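To keep things clear, I will list the structure first and then write my remarks on it.
The values are calculated or read from the model by the stated rules, or taken from the named source; none is laboratory data. Since the structure is predicted, the reported quantities are computational estimates derived from the model, not experimental observations. Here the Cβ is made from the backbone with ideal geometry for all residues, glycine too, and neighbour counts use every protein chain on show. We work out accessible area using only protein heavy atoms, side chains counted, and drop any ligands, DNA or RNA first. Shrake-Rupley method; radii C 1.70, N 1.55, O 1.52, S 1.80 Å.
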Amino acid sequence: MRKSQRDSVNRRDFLRAAAASTAGLVVPPSAAVAASAKGSRGWAAPPLLKPVVTDGEPNVEILTVDHPGSDFMVDVLKSLDFEYLCANPGNSFRSLHESFINYGGNRAPEFITCCHEESSVGMGHGYAKIEGKPLLVCVHGTVGLQHASMAIYDAFCDRVPVYIVLGNFSDAAVRFGQVDWTHSAQDPAAMIRDYTKWDDNPASLGAFAESAVRAYKIATTPPTMPVALVAGHTLQEHPVPGGAGLSVPKLSITSPPAADDGAVAEAARILVRAENPVLATDRVARTPAGLSAMIELAELLQAPVIDRNGRMNFPTRHPLNMTEHAASTIAAADVVAGLELTDFWSVVNSVHGQVYPETQPTIKPGTRLISITANDLFMKSNYQDFQRYTPVDLAIAADAEATLPSLVERVKREITDDRKRAFADRGAKIAAAHRQASEAQRDAAAPGWDASPISTARLSMELWAQIKNEDWSLVSNCQFISRWPLRLWDFRKHYHYIGAEGGYGVGYGAPASVGAALANRKHGRLTVSIQNDGDLMFAPGVLWTAAHHRIPLLILMHNNRAYHQELMQIQIMASQHNRGITNAGIGSVLVDPPIDYAKLAESMGMHGEGPIGDPQDLAPAIRRAIEVVKRGDPALIDVLTQPR
Amino acid sequence: MGLVKFVGIVCTLLTACGRIGAQASGAKAPGNVTSGKQMFLEVGCAACHGAQGQGTDLAPQIAPPPLDLEPMIAYLRQPTGKMPPVPSGTASDQQLADIYAYLKSVGPPGSLINQLKGNPENGKKLFVAYGCYECHGWQGAGAAIAPRIGPPALSLAGLLRYVRAPTGQMPPYTAKVASDQDLADIYAYLKTLPPPQPANKVPLLSQ
C-alpha cells in the first residue's frame, strides 16, 4: 500500500508542519531514498524513518505506536514517588506528557498546569522545602529551559532538590521541521550545568532508567540541589525496542554525610569549655528532626542561637534565641559554631562604607570558629554563591542535621557538673536578654501603627491575630517587610517558615508559595504568604495554577508599588553621584497606572479583595479570605503598604 | 530608638557607671584629639555611632560625650545592650582617653543652623521628592533598614550633620542636592508628626 506524500505528514505535527515550510521533508522512506539518489553526490542517504512491514507490504508509514518509550519513562519516574509534575507544555516532551496523563493515569505524579517554566521550578522549590523531597518538573528543552533557568539558580543557591526532565529533539535525523531544530540543542543541560548538581543525556531507555534513579539519589543527598535529565524525543516517541530487556532500577537513598567521630568530639570539647559559645544557623533543619536536634544542642549548652533563617532552624520565642541581639551576642562570643551557614564570613564580619567597602571583624580577637556544612563537600566555580572564604579553627565537611545527633551525644559526655552550673547561669542571662530583645521588637513595631499606607508591622500582626490558633505555615520571605513575622510571631514548627529564594532572584516568591501550599494541602495546613508586588509581576500566571488546581493559599500583597530594593539603590547612586535625587523612581516604581492585584486575582478565578489602605479594613478582609482558603481555594488581598 | 528610651538608657548608664567610676583609669596623659580621631575609626566606633559620633540607626549620638571619661571607660569595658565590649587589648585606657578628647572636640551642634526656620508643608513635599520615605516610611515611622525619624530625636544641627556625612546605608545628601533650608523644611515637617503610641497600648502587639 502506498500513501500520498500529503498524507505522509505526521498528523500530530500538523501545526508544526504548517509553521515550517520544510514539512515536505518528512516523506515516506522510499520517496526519501529516491530523492537522495538524484543528489549531486550520487549516494543514497539512509531512510529517515524505519520501514515497517505490515501484512507483508513494505513502505507503510507508521501511524500509531503501541508501546512508546515514554511509557517506560513514566514507569521509571513513577518509581521515584513523585506526587506532582509541574510543567508548561512543550512538544519536546509531548510523548512523556501524554504518557503521564493517560498511561500513568495522571496520578503520582499528577500534572500541575503551569503558565511559565519559572513557575514550574519555583513551585518545585517551595514544595521541596515543605515536603523534604523533590517534585518532578518537565521543561521544553531549550526555550523552556531558558525560562526556567533563574528559578533553577535560586534552587541551586538555596540547596533545594528539584528534579528536572528536559525534552529535546536529540536525533537531528528525525526532526520534523524548523521549530524542532530551533528547539534542539546538542547539549541541552549545558546552560544550567553551572548551577545544577548533576545532569545526563542518556542515549537509550536503559540508560535513561539508570540515570533517572541516579539523578534522584544525587539530588536528595546533602547538599541537595537541582538535577536535570534529558529525554530525547525519539526515546520518548518511538516504540520500546523489542528485546530491550528494560527494568526499573531500585532506588537506594544515600544516607546524608555525617561528620567523623574525631571531629565531632573536638567540636564538643570546644563548645563545652567555651564561656560564651554561639550557635549560628542558616539551613540546618532540612527536616523536623533537624529542628528538634538544634533545640536539644542549644539547651544542653545553654548557648544563644543566631538564626539566619534560611530555614526554620530554631523557635523564635525560645529564650535562647538571640537573633534579634545578634551583634552583641557575636561580639561577646569566644566560640562561634556555624551550622550550615551560607555566609559564615558575614556572621563574623561587617561591611561599611559608601563607595568603597570597608570590612571589620565583629568578633573579639581569638574567638574560635567551628564550621559544619555540607557545602564543603560540593562546590562549583563559576557562579559565586559560595561567598567569601572564612578561615575557621575546625572545619567539618558534613551535613549539619545528620551530624547533630552525634554532636549532642558528645556534648552530653563532655559536660561536668561544674559546667552545668555555669551553663545554667549563662542561660538565665540569655533568657533575660531575650525578653529584653522581644520587648524592643514590640516597641519598634508601634510607630506608624495606624498609618496609611499600612505599616508592614501592622500587616503582619493583623494576619498573626487570625492564624495563630490555626495549623499555619508562612511560605514567603520576610526580608522585605522588615522581618516582622520573625521578630514578633511564635515560630515553632518545621513548616512554620521556609526561608527565602536562596539566589535573591526576584520572581521566586509567588510560585514557591503556591508550591509550598501544594505540599501543605494534604496536611490541612493554613498556608499564608505575604507577597511582594514586583515579584508577583514576573509571572502572575501562577495564580491561575493555584485556582485551577484548588491549592488553598492566603496571599496578602505587600504592595509598596515599586521594585523598592532597586529604588533605594538608585537613590544611593543619585546621592553618591551628587547630581539630583528626585529621579530615582524612573525605572523602578510601579505606580502609573496602579496595578489592581485584586482584579488580577479575580481574572485568574481567585477570590480577590482590595486595594486596602486603611488598616481598620484589614482584619475583616483577612477573615473573609481565610474562609475562602479553608474551603480549599486560594485568596488574595491587595494591601497598600509602607515601603518596608 | 525612641528619644525617651535613649534618655532612659543614658540615665541607666550614668547610674551604673557612677558606681564603677570610682575605679581610676589607666590613662596617664590628657587625650590626644588627632590620635583619638584615628582610633575612633580604627576601633570601629564610627561604624555604629557615625564618623563624628553623631549617632546612627545602630547607636546613639556620643559627641559630645554624655559621660565623663572614667565612667565611659568603665562602660566600654563592660557594656550593656547592643554595645560590644572594648577590651583593653583592643584599646588601652590611654587610647580611650584620646577618643574621648576627639569626641569632645567635635563640639555641640551649631547655633546658626538651629536658627533656620523650616516650612513644614514644603518639607512634606521634599520628604517624598528626596526619597526620604523610601527607607524611613511615608510618615517617618522607620523600618528594619532605617530608624524612625518622625518626630526627630536629633536636633536640626545634628540631622544636618548626619545627612551630610552619614554612615551605614544612609546615602549622603550634599548641599548641592539638598540645601540647609530644604533640610530645615523636612525637619519642620518631621516635627509635626505625632510620637508613636507605646507598644503596650496596642493590643495586637501583646499576642
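Note on region B:175-196: among residues that are within 20 Å of B:Ala146 (Cβ to Cβ) and open to solvent by 40 Å² or more (accessible area, probe 1.4 Å), the one that is nearest to the other protein chains (Cβ to nearest Cβ) is B:Pro196.
Against the criterion of being aliphatic (A, V, I, L, M), crowded, with 22+ Cβ neighbours inside 10 Å and within 14 Å of another protein chain (Cβ to nearest Cβ), A:Ile622 qualifies. Within region A:563-577, being within 7 Å of chain B (Cβ to nearest Cβ) and loosely packed, with under 14 Cβ neighbours inside 10 Å holds for one residue alone: A:Gln576. Of the residues A:Asp614, A:Asp596, the single one that is within 23 Å of B:Gln139 (Cα to Cα), open to solvent by 40 Å² or more (accessible area, probe 1.4 Å) and in contact (Cβ under 8 Å) with a residue 40 or more places away in the chain is A:Asp614.
Looking at region A:98-117, which of the residues that are assigned to a helix (DSSP H, G or I) and charged (D, E, K, R) is most open to solvent (accessible area, probe 1.4 Å)? Within region A:98-117, the match that is most open to solvent (accessible area, probe 1.4 Å) is A:Glu98.
Selection of region A:437-446 for residues being at the interface with another protein chain (Cβ under 8 Å from one of its Cβ atoms) and either open to solvent by 20 Å² or more (accessible area, probe 1.4 Å) or out of contact with any Pro (no Cβ under 8 Å at 6 or more places or on another chain) (or both) yields A:Glu439, A:Arg442, A:Asp443, A:Ala444, A:Ala445. Can you say whether A:Val351 is open to solvent by less than 50 Å² (accessible area, probe 1.4 Å) and β-branched (Val, Ile, Thr), as far as the supplied structure shows? Here the answer is no, as A:Val351 does not meet what is asked. A count restricted to region A:331-363 and to residues that are of a type outside the set (Asp, Glu), touching a strand residue (DSSP E or B) at 6+ places or on another chain (Cβ under 6 Å) and within 9 Å of another protein chain (Cβ to nearest Cβ) stands at 5. For region A:459-469, indicate whether the set of residues that are touching a residue at least 60 places away in the same chain (Cβ under 8 Å), hydroxyl-bearing (Ser, Thr, Tyr), open to solvent by less than 10 Å² (accessible area, probe 1.4 Å) and at the interface with chain B (Cβ under 10 Å from one of its Cβ atoms) is non-empty. Yes: one or more hits. Region A:214-322 holds helices (runs of 4 or more DSSP H) entirely within its bounds, and those carrying 1 or more residues that are buried (at least 22 other Cβ atoms within 10 Å of the Cβ), under 20 Å from the mean Cα position of the chain (by Cα) and touching a residue at least 12 places away in the same chain (Cβ under 8 Å) map to A:288-301.
A:Ile622 fulfils the conditions (1) in a helix (DSSP H, G or I); (2) within 17 Å of B:Tyr130 (Cα to Cα) except for a single criterion, (2).
Among the conditions (1) over 24 Å from A:Gln616 (Cα atoms); (2) facing chain A (nearest Cβ under 7 Å); (3) open to solvent by 40 Å² or more (accessible area, probe 1.4 Å), B:Pro172 misses just one, which is (3). Scanning region A:78-97 for residues that are part of a loop (DSSP other than H, G, I, E, B) and not small (Gly, Ala, Ser) yields a total of 6.
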